[in-house]
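No value in this document is a laboratory result; all are computed from the given coordinates. No experiment lies behind these values; they were computed from the predicted model shown. Please note: Cβ atoms are built from the backbone with ideal geometry, for glycine as well, and neighbour counts cover all protein chains shown.
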Amino acid sequence: MIRVIVSGAAGHMGRILTEKIALDTELVLAGSVDPNGEGMAKDLASCTAEADAVIDFSNHLGTEALLTEAVKRGLPVVLCTTGHTEEERKLITDASGTIPVFLSANMSLGVAILMRLVRQVAAQFPSDAEIVETHHRRKLDAPSGTAMALARAIQAERPGYEIVTGRSGMQKRNPTDISVQAVRMGNIAGIHEVFFGSDTETLTLKHEAHDRGVFADGAIAAAKFIAGKPAGLYDMEDLLS
């Protein structure tokens, strides 16, 4: 059995994850961490449970404290938070030199496959590239981490292209723009659409999450994947491969 600590356990995703862990025959919930959770440890440092991995669905602002304690305990981490700053990304990279860290802008296996397809199209289909992401009104970061990861995937295949977020004013589209637009409304779990358009045809790739449980499923798969792995920075591509 793989013993898991859930960070952010009192939040919406944390509760979904906890319920799914209870139904998984390969996992056991070792501890719950959340500063707002009744009867829960307030942070990882105050959670004394023995575990094989921690899954973090809290907030990127707690990344430093979480990683510091995980490194101290040699505890593998699955980071499901988004919106990391450059400084936080450096902390993640540094921590991965000591412990296994799984980081993905989106924990959906479908999105991981979408990333592969986007890279292939960006490399083989000369065209304009536009991304539109839609999420529920409560989401804090915009554009989403997934949309930016998709944009960076295109940029990797098209050196010299620039990622542009939002569009306003009187100006023509730059041919080397990778434009990212964000929509916030209702209770939408997540939609990501990538449009590639030439003068004569358009190719559209779309992923839609019907239920937030898909992200918990991906996090569980990631925890099973990195438990017992050597130190390093892992992502969904590693899991798929």
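Could you tell me what percent of the DSSP beta bridges with both partners in the chain are antiparallel, to the nearest 5?
Details: 15 of 46 bridges.
Of the beta bridges lying entirely in the chain, close to 35 percent run antiparallel.
Using alpha carbon coordinates only, what is the Rg to Rh ratio of region 1-151, with Rh defined as the Kirkwood radius? Reported Rg/Rh, Kirkwood definition of Rh: 1.01.
When the helix-only estimate is applied to the chain (DSSP H runs of n ≥ 4, each -39,500 (n - 2.57), divided by the residue count), what is the mean residue ellipticity at 222 nm, nearest 500 deg cm²/dmol? Mind showing how you got there, number by number?
Details: 7 runs with 81 residues, N = 241.
Helices in the chain give a 222 nm mean residue ellipticity of -10500 deg cm²/dmol.
Springs join every pair of Cα atoms under 10 Å in this Gaussian network model of the chain, and among Leu109, Leu44, Leu23 the largest mean-square fluctuation is at Leu23. From the Cα gyration tensor of region 87-142, with a ≥ b ≥ c the square roots of its eigenvalues, which class applies: rounded if a/c is under 1.5, or else prolate if a/b is larger than b/c, or else oblate? Oblate. Each residue of region 77-85 was assigned a 3J(HN,Hα) from its phi angle through the Karplus curve 6.51 cos²θ - 1.76 cosθ + 1.60 (θ = phi - 60°); the sequence is 10, 10, 8, 9, 7, 10, x, 5, 6 Hz, with glycine and proline shown as x.
Take the Cα of Glu26, go 7 Å toward its beta carbon, and the backbone nitrogen atoms of region 201-226 under 20 Å from that spot belong to 213-226. Rounded to the nearest 5, the antiparallel percentage of DSSP beta bridges internal to region 109-209 is 60%.
As a quick test, which of the pairs Lys20/Lys90; Lys90/Lys172; Lys42/Lys206; Lys139/Lys172; Lys72/Lys224; Lys42/Lys224 have an alpha carbon distance above 27 angstrom in this structure? Cα-Cα > 27 Å for Lys20/Lys90; Lys90/Lys172; Lys42/Lys206; Lys139/Lys172; rest within. The string of couplings for region 44-52 from the Karplus curve (6.51, -1.76, 1.60, θ = phi - 60°) is 5, 4, 9, 9, 8, 5, 6, 8, 9 Hz, one whole number per residue in order, with x for Gly and Pro.
Tell me whether region 109-209 comes out rounded, prolate or oblate; compute the Cα gyration tensor, take square roots of the eigenvalues as a ≥ b ≥ c, and use a/c under 1.5 as the rounded threshold. Oblate, since a/c reaches 1.5 and b/c is not below a/b.
Using C-alpha pairs under 8 Å with a sequence gap of at least 6, the mean separation divided by the residue count of region 109-209 gives a relative contact order of 38 percent. Over the chain, Cα pairs under 8 Å with separation of 6+ residues give a relative contact order of 21 percent.
Proximity of backbone amide H atoms, modeled 1.01 Å from N, is registered between Leu27 and Ile2 at under 5 Å, excluding neighbours fewer than 5 places apart on the same chain. Going from the fewest other Cβ atoms within 10 Å to the most, the residues Thr204, Thr81, Thr165 appear in the order Thr204, Thr165, Thr81.
Using 0.36 nm times the number of residues separating Ala189 and Arg152, minus their current alpha carbon distance, what extension gain do you get?
11.1 nm
Close amide-amide hydrogen proximity is noted between Thr82 and His60, each under 5 Å apart and 5 or more residues distant or on a separate chain (H modeled in the peptide plane; Pro and chain starts excluded).
Pop the C-beta distance of Arg167 and Asp94 into the FRET formula with R0 = 45 Å and round what comes out to the nearest 0.05. Before the final figure, lay out each step's value.
Values: r = 36 Å, r/R0 = 0.80.
Calculated value: 0.80.
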